[in-house]
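Here's the structure we're looking at; comments come further down.
The values are calculated or read from the model by the stated rules, or taken from the named source; none is laboratory data. Since this is a predicted model, take the numbers as computed values, not measurements. Using ideal geometry, Cβ is built from the backbone for each residue, glycine included, and neighbour counts are taken over all protein chains shown. We work out accessible area using only protein heavy atoms, side chains counted, and drop any ligands, DNA or RNA first. Shrake-Rupley method; radii C 1.70, N 1.55, O 1.52, S 1.80 Å.
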Amino acid sequence: MCRSIKTLRPPVLPEEATEEDIRAAALQYVRKVSGFRAPAAHNREVFDRAVDAITEATAELLDGLEVRGQTAAHRAD
């Protein structure tokens, strides 16, 4: 989909993904899907809500993935 979005789970990412990594991936996804690099003022709120929702969903996904039989803990909460 978007070449700027990198895989955030081990072993592809050797260190744990940070909240910043997760949010950057979410932002790239929303930009790609919406077609806007930066939304107009009247679309800013919905754009930001989408980034927040995708950030949360991505963190939940990474928290739940099992890598080689272990839970992939990607960040400290």
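Points worth noting:
- Residue count for segment 21-46, restricted to those that are over 17 Å from residue 5 (Cβ atoms), open to solvent by less than 60 Å² (accessible area, probe 1.4 Å) and not small (Gly, Ala, Ser): 2
- Residues in segment 15-65 that are in contact with a Phe, Trp or Tyr (Cβ under 6 Å, 6 or more places away or on another chain) and part of a loop (DSSP other than H, G, I, E, B): 39 alone.
- The residue pairs whose first member lies in segment 50-68 and is open to solvent by less than 50 Å² (accessible area, probe 1.4 Å), whose second member is hydroxyl-bearing (Ser, Thr, Tyr), and whose beta carbons are closer than 6 Å, counting only pairs six or more residues apart or on different chains, are 54/29.
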